[in-house]
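Take a look at the structure below.
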Amino acid sequence: MESSEQTPTYGVAELLAQAREVVTLGFPAPIWVRGEVSGMRRTTRGAMFFRLVDPESPDSSLEVAARGRVMREVDLTLERSGVGGLRNGVEIRISGTVGVSVRSQFVLSMLEVDPSFTVGRLAVDREEVLRRLVADGAVGANKAVPIPLVPLTVGLVTSRGTAAHADFLGHLRSSGFRFRVLTVHASMQGERAQQEITAALARLSESRVDVVAVVRGGGAKLDLRAFDAEEVARAVARMPVPVISGIGHEIDRSVTDEVSAISVKTPTAAAEWLVARVGDYATRLDRARAEIRDRARDAHRRSASRLGEMAGAIGAARHAVDRQSERLADVSERIAERARHLLATRQRELDSLGETLSAVGVEPTLRRGFTLVSRLDGSPLLRGADLEMGEVVRVRFADITVRMKVEEPE
C-alpha cells in the first residue's frame, strides 16, 4: 500500500479542473439531451437558467444555461416553429456542451433546440388525453347537453382586458340583441392557466347562464397548452350548459375543442355563432308573426265575405218576412171578416130559432089545450104504452099541474 506521501493530494480547484478535463474529454462534442423544463428563470441581460428533469426519474436533473446570442437564436427558432417561448413543464430536446460548474454541478450550455421534438411530445400527450376522455365518454358529455333556442345569458371565461375579450363583447353589442354576459377572469396561458380556467368553469357551472364561452386570441402551441390539459377538458365535460370554445388557432384543434359542444376558430367566431343562433330564432319569430298576420288577414277577408253574404241573405229573408207578414195580415183580415160574417149569420139563425122556440114552446103549446105528462121524477112520458097500471103520474095543464093514477085503458 502506498504511503500518504506517495498518494497525490488535489486542491479543490485542481480537482474541479481535472473533472472538467475528464468531462470535456468524455464529451468532446455537443450532445443532445431531452427532459422537462423546471425552475426556469431569465436575467435582465437575456440569459436563461433552468433544470432539465428526467420525466421518468424526477430526482435526476441537469443544470442548463444559455446566454446572449444563443438564447436569442433559441427563442427565434421556437417562435418560427410555432412552439412559442420555453416554459416550465414542457418537454424539450436541446443540444449543448457538457461541463462542470464552480459548484461542482454538471452543466449543459445550450446551443440549439429541436422544436419538432416538443411539437411531437405535445401531440403525443394530447392524443393520450383524448384517448382517456373517449374511453370514459367525457368527449361526448357536453355535446349531449341541449342548446338553448335563445342563448342571451352568456358565461365568459377569458382574460379581462385582452383583445379577445374586447372582440367578443364588441361583436355581441353590435348585434342589437340584448345579451347579458357574466365574465370570469382566468389566465389563458402560463403555469396558472389550467387551474384558473378550471376554477372559472366551476364557478359558472353554479350560475344561471344559457351557455359558456371560453375564448382567447391566437398564440404559439405552448401558449395554448392549457387547452390540451385533461383537467380543463374534464371541467368542460362536466358543465351543465353547452360550452363554446373560441380559441385563437387556425390549424390544430385542442382537446378543449374536442369536448366542447361548439368549437370555432376565434373569439369573434364564437360571438358570431351566438348572434346567428339568436338571429335565427328572431327570424323565425318574424316569419311566424308575418304568417300569423297573413293568415289573420285571410281569415278576416273570408269572414267579411261570409258576413256580407249572410247580410244579403238576412236582407232577402227580411224582405220575404215582410211579404209574408203582409200576406198574414191580409189573411188575418179576411179571416176576421169571414168570422164576423159567420157570427152575424149564426146570430140571425139563433134569433130566428129563438122566435120559433117562442112560438112552439111549452107554455104556448099548453095554452093551446095540450098537456104535459111526466113521472113524478120529472121524466117525460111520450107514449101511453110506457104507463104502468096504478102508477101515479104528473099532468101539467096551462093553468095547473095535477097528479093522476093510471087505471085500465079503455
Considering the chain as a Gaussian network with a 10 Å cut-off on Cα pairs, which listed residue, ALA317, ALA336, ALA213, attains the greatest mean-square fluctuation? ALA336
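Using a Förster distance of 35 Å, how high is the FRET efficiency between ARG192 and TYR281, based on the Cβ-Cβ distance and rounded to 0.05?
It comes to 0.40.
For segment 161-297, what Kirkwood radius comes out of the mean inverse Cα-Cα distance, in Å?
Taking the inverse mean of 1/r over all distinct Cα pairs, segment 161-297 comes out at 15.9 Å.
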Accessible area of the chain with a 1.4 Å probe: how many percent of it is carbon plus sulfur? 54 percent
Springs between alpha-carbon pairs under 10 angstrom, Gaussian network model over the chain: which of VAL22, VAL264, VAL129 fluctuates most? VAL22
(i) 172; (ii) 141; (iii) 409: which one is volume of the Cα convex hull per residue in Å³ as calculated from this entry? (iii)
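Could you do me a favour and compute the accessible area per residue for segment 86-141, 1.4 Å probe, result in Å²?
48 Å²
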Using the heavy atoms of the protein chains and a 1.4 angstrom probe, tell me the accessible area per residue for segment 250-407 in square angstrom. 75 Å²
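Under a Cβ-Cβ cut-off of 15 Å, what is the net charge of the residues other than LEU172 that fall near it, where Lys and Arg count +1 and Asp and Glu count -1?
On the way: positive: ARG173, ARG178, ARG180, ARG277; negative: ASP167, ASP210, GLU272.
Once all neighbours under 15 Å are counted, the net charge is +1.
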In a GNM of the chain with a 10 Å cut-off on Cα contacts, which of THR345, THR283, THR118 has the highest mean-square fluctuation? THR345
Looking at the chain, what % of its DSSP beta bridges pair antiparallel, to the nearest 5? 60 percent
Given segment 37-127, what percent of its DSSP beta bridges are antiparallel, to the nearest 5? 85 percent
Please compute, over every Cα-Cα pair in segment 1-121, the percentage with a separation greater than 21 angstrom. 45 percent
Helix 68-81 vs. the chain, principal-axis angle (Cα, 0 to 90°, nearest 10): 30 degrees
Cut-off under 28 Å on the C-alpha distance; same-chain residues fewer than 8 positions from LYS265 excluded. Which lysines are left, in chain and number order? LYS143, LYS221
LEU52 neighbourhood, Cβ < 12 Å, K/R = +1, D/E = -1, net charge -1
Given just the C-alpha atoms of segment 75-189, how large is their convex hull per residue in cubic angstrom? 189 Å³
Once both axes come from the Cα atoms, what is the angle between helix 267-360 and the longest principal axis of the chain, in degrees from 0 to 90, rounded to 10? 0 degrees
Based solely on its DSSP helices, what 222 nm [θ] is calculated for the chain when runs of n ≥ 4 H residues each add -39,500 (n - 2.57) and the sum is averaged over all residues, nearest 500 deg cm²/dmol? -16000 deg cm²/dmol
Where MET40, MET239 fall by accessible area, highest first, once all protein chains stay in place (1.4 Å): MET40, MET239
Value of Rg to Rh for segment 282-410 (Rh from inverse mean 1/r over Cα pairs, i.e. Kirkwood): 1.76
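The values are calculated or read from the model by the stated rules, or taken from the named source; none is laboratory data. Here the structure is a predicted model, which is why all the values come from computation and not from measurement. Positions of Cβ are backbone-derived with ideal geometry, glycine not excepted, and every protein chain shown enters the neighbour counts. Heads up: the accessible areas ignore ligands, DNA and RNA and are worked out on the full protein's heavy atoms, side chains in. Shrake-Rupley method; radii C 1.70, N 1.55, O 1.52, S 1.80 Å.
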